[in-house]
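Working notes, beginning with the structure itself.
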Amino acid sequence: MSDKNCETGHAEGAVIKVDNVSYDYRSGEHVSRGVRGVSLVVNRGEFVVLLGHNGSGKSTLAKLLNGFVVPDEGTVTVEGIDTRDNERIYELRAKVGMVFQNADNQMVASVIENDIAFGPENLGVPREEIEKRITWALDAVNMSEHRKRSPNKLSGGQKQRIAIAAILAMYPDVLILDESTAMLDPKGRAEIMETIQRLNKEKGLTVILITHYMDEAIAADKIFVMNEGRVIAEGTPREVFSATDKIAEAKLELPVASKISAELRRAGLDIPFALTDEELTEGLCGLK
Amino acid sequence: MRDITLGQYYPADSFTHKLDPRVKLVLVIAFIVMVFLVKNLIAYAAVILCVVLGTLISRIPISKVLKSIKTIIFLVLFTAVLNLLFYKGDTVLWSWWRISVSLEGILFSIKMALRLILLVMGTTLLTYTTTPTGLTDGMESLMYPLKLIKVPTHDIAVIMSIALRFIPILSEEVDKIMMAQKARGASFDTGGIVKRAKALLPVLIPLFVSAFRRADELALALDARCYNATPNRTRYQIMKPTYRDLIAVAGTAAFIVLVVALNMNFWGAYVPSESLWWLFS
């Protein structure tokens, strides 16, 4: 894939390639496992979910994707840029925007528009262009009316949407959300899910969502399930969710509808595997 | 949430809000110097007029201004009482042991109280009308000479901005930790001063732990947003002095001249009548 295609943002194909990557955390003598032999490809415009419980290595993988840590073995490339390439590390980080768990710890300014301007300012974007980007990014997360306000009075979901806008203003190709819904209440989580799915569908943004909530993975194009530093399952939500043994191995919890349908199937009922409540209802109503 | 006036920007669309932060910073410094130079009550009246006009122009609600005074009211009363009791004046009205109340003492303590209140009112006018970003940008710009001798002025400005941003977050956290400790039977408002200080220890330790954890995540977030990516960093908020700044400077200058003139009785040209001496002493 040529660089020119990358710039336009419409090229098909792989944005992120992780090739047989291993990484361990070392502090002195102590070594703790990060990820082991992980390979995966994320294509442009995909909505990818990395599932795993605490300590499964999913956050380490996220840190590998934008060069916060570099692999001990294997390579991570983003649009052809190796994360080991120190010369282009900021170019890479601007392409792979990362939103973290706690929105409060990601904001640097006390007025929302200034906070959003921070990323583009660091990249040396001209002033008029920054103005446009702020308007665009706030509109993309439906927070335009808060532009001149302080983030302190916002709800958790709203703060996290501002954090997303702050990353969007850098015009990334990929948006990584590292457990960004973990601290939110159900309403806040729904807000974030709605926002990122809309960004993915309408703006064609590649989204990588890292979470341990399986219900957030239902709408994904592709799921990778991680356990003990390895990818133990991958595929569409239907493929991954119906592999109930793998889900149990990864100590994850199936959404209620899937759980019920899986149990019913085991009990001998002839219903399809359900991902959502609607599918379960349909399946049950179809029973003779 | 706890009330921390510092860094609490009051959004409004006023003349003062639109001023260049650098101009405001310089004017506030001039104001502080002016307040410290004022000697007699009639000059204080001019300063009061200056602050009241400034507040009105800034469209800051009176409740906000009173709130900022409330935070220093104890200090004001304390110094006023001390001054009242220990000022050595000539016209003694009442005395006992080493304590004496004199007419001069009364005037002096009124002046000191006024001075403190005016200082707070004047300086909070700056923080109410200027966004923290504006303040830090302004300071960075005023620190420009230091940049020439390789002082990292931009980093200092970012540090200030983050500090301002985290004041309300950390104060909220203190409240939460205190509540959690209270729920487990801790008591923060009984016992002597040593006991109370000791009781705060279980608040400070979790606070520090959490602050470090936040700092860790913030460092990653700064990196994720390409902090220090290029030396040619651009600026969204540009500061350009306008005619407004000229008016503000001229207005403040006029007030300073007036205050100095009143302070010196128009360079001795005006001799107050006997009955008005207290206004001009």
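The values are calculated or read from the model by the stated rules, or taken from the named source; none is laboratory data. Only a predicted model underlies this, so the values are computations on that prediction, with no experimental measurement involved. Positions of Cβ are backbone-derived with ideal geometry, glycine not excepted, and every protein chain shown enters the neighbour counts. Only protein heavy atoms, including side chains, enter the accessible area calculation; ligands, DNA and RNA are left aside. Shrake-Rupley method; radii C 1.70, N 1.55, O 1.52, S 1.80 Å.
All of A:Glu131, A:Glu145 fail the test of being assigned to a helix (DSSP H, G or I) and within 9 Å of another protein chain (Cβ to nearest Cβ), apart from A:Glu131.
Cβ-Cβ distances below 7 Å connect the following pairs, each with a first residue in the range B:125-150 that is more than 14 Å from chain A (Cβ to nearest Cβ) and on the phi < 0 side of the Ramachandran plot, a second residue that is open to solvent by 20 Å² or more (accessible area, probe 1.4 Å) and of a type in the set (D, E, K, R), and a separation of six or more residues or different chains: B:Ser141/B:Arg22; B:Leu142/B:Arg22.
Evaluating A:Leu123 against the criteria (1) open to solvent by 20 Å² or more (accessible area, probe 1.4 Å); (2) at the interface with chain B (Cβ under 7 Å from one of its Cβ atoms); (3) under 24 Å from A:Ile210 (Cβ atoms) leaves one unmet condition, (3).
Matching residues to (1) within 25 Å of the chain's Cα centre (by Cα); (2) surrounded by fewer than 17 Cβ atoms within 10 Å (Cβ to Cβ); (3) touching a residue at least 40 places away in the same chain (Cβ under 8 Å):
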position	(1), (2), (3)
B:Ile159	yes, yes, no
B:Ile167	yes, no, yes
B:Gln181	no, no, no
B:Leu201	no, yes, no
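Of everything in the range B:100-130 that's open to solvent by 30 Å² or more (accessible area, probe 1.4 Å) and more than 19 Å from B:Ala46 (Cα to Cα), which residue is nearest to the chain's Cα centre (by Cα)? Per the stated criteria, the residue is B:Ile106.
Here A:Glu216 passes the criteria (1) in a loop (DSSP other than H, G, I, E, B); (2) touching a strand residue (DSSP E or B) at 6+ places or on another chain (Cβ under 8 Å); (3) not hydrophobic (A, V, I, L, M, F, W, C) except the one numbered (1).
Residues of the range A:235-270 that are open to solvent by less than 40 Å² (accessible area, probe 1.4 Å), within 21 Å of A:Ala62 (Cα to Cα) and in a loop (DSSP other than H, G, I, E, B): A:Ala250, A:Leu252.
Looking at B:Arg225, B:Arg196, B:Arg214, B:Arg235, just one residue is open to solvent by 60 Å² or more (accessible area, probe 1.4 Å) and at the interface with chain A (Cβ under 7 Å from one of its Cβ atoms), and that residue is B:Arg235.
Answer yes or no as to whether B:Val47 is open to solvent by less than 50 Å² (accessible area, probe 1.4 Å) and in contact with a strand residue (DSSP E or B) (Cβ under 8 Å, 6 or more places away or on another chain). For B:Val47, the condition - open to solvent by less than 50 Å² (accessible area, probe 1.4 Å) and in contact with a strand residue (DSSP E or B) (Cβ under 8 Å, 6 or more places away or on another chain) - is not met.
Being more than 22 Å from the chain's Cα centre (by Cα) and either open to solvent by less than 40 Å² (accessible area, probe 1.4 Å) or under 24 Å from B:Arg165 (Cα atoms) (or both), is that true of even one residue in the range A:75-94? Among the residues of the range A:75-94, not one is more than 22 Å from the chain's Cα centre (by Cα) and either open to solvent by less than 40 Å² (accessible area, probe 1.4 Å) or under 24 Å from B:Arg165 (Cα atoms) (or both), which makes the answer no. The one condition from (1) in contact (Cβ under 8 Å) with a residue 12 or more places away in the chain; (2) within 14 Å of another protein chain (Cβ to nearest Cβ) that B:Lys176 does not meet is (1). Among the numbered conditions (1) open to solvent by less than 30 Å² (accessible area, probe 1.4 Å); (2) β-branched (Val, Ile, Thr); (3) away from every other protein chain (no Cβ under 14 Å), the only one that B:Val257 does not meet is (1). If we scan the range A:76-87, do we find a residue that is within 7 Å of chain B (Cβ to nearest Cβ) and either touching a residue at least 12 places away in the same chain (Cβ under 8 Å) or of a type outside the set (A, V, I, L, M) (or both)? Among the residues of the range A:76-87, not one is within 7 Å of chain B (Cβ to nearest Cβ) and either touching a residue at least 12 places away in the same chain (Cβ under 8 Å) or of a type outside the set (A, V, I, L, M) (or both), which makes the answer no. Among the residues of the range B:225-255, the ones that are assigned to a loop (DSSP other than H, G, I, E, B) and among the hydrophobic types (A, V, I, L, M, F, W, C) come to 4 in all.
Just one of the listed residues (B:Ile60, B:Ile42) is surrounded by 14 or more Cβ atoms within 10 Å (Cβ to Cβ), away from chain A (no Cβ under 14 Å) and assigned to a loop (DSSP other than H, G, I, E, B), namely B:Ile60. Applying the set (1) in a strand (DSSP E or B); (2) modelled with pLDDT under 85 to A:Ile232 leaves exactly one unmet item: (2). Give the range A:35-74 a look and list any residue that's in contact with a Gly (Cβ under 6 Å, 6 or more places away or on another chain), in a strand (DSSP E or B) and crowded, with 21+ Cβ neighbours inside 10 Å, or say none. Matches in the range A:35-74: A:Val35 only. There is no residue in the range B:68-80 that is part of a helix (DSSP H, G or I), touching a residue at least 40 places away in the same chain (Cβ under 8 Å) and among the aromatic types (Phe, Trp, Tyr).
The set of residues in the range A:88-98 being of a type outside the set (A, V, I, L, M) and either more than 13 Å from every other protein chain (Cβ to nearest Cβ) or within 15 Å of A:Asp173 (Cα to Cα) (or both) consists of A:Tyr90, A:Glu91, A:Arg93, A:Lys95, A:Gly97.
Considering each residue of the range B:75-83 in turn, none proves to be open to solvent by 80 Å² or more (accessible area, probe 1.4 Å) and closer than 30 Å to B:Val257 by Cβ.
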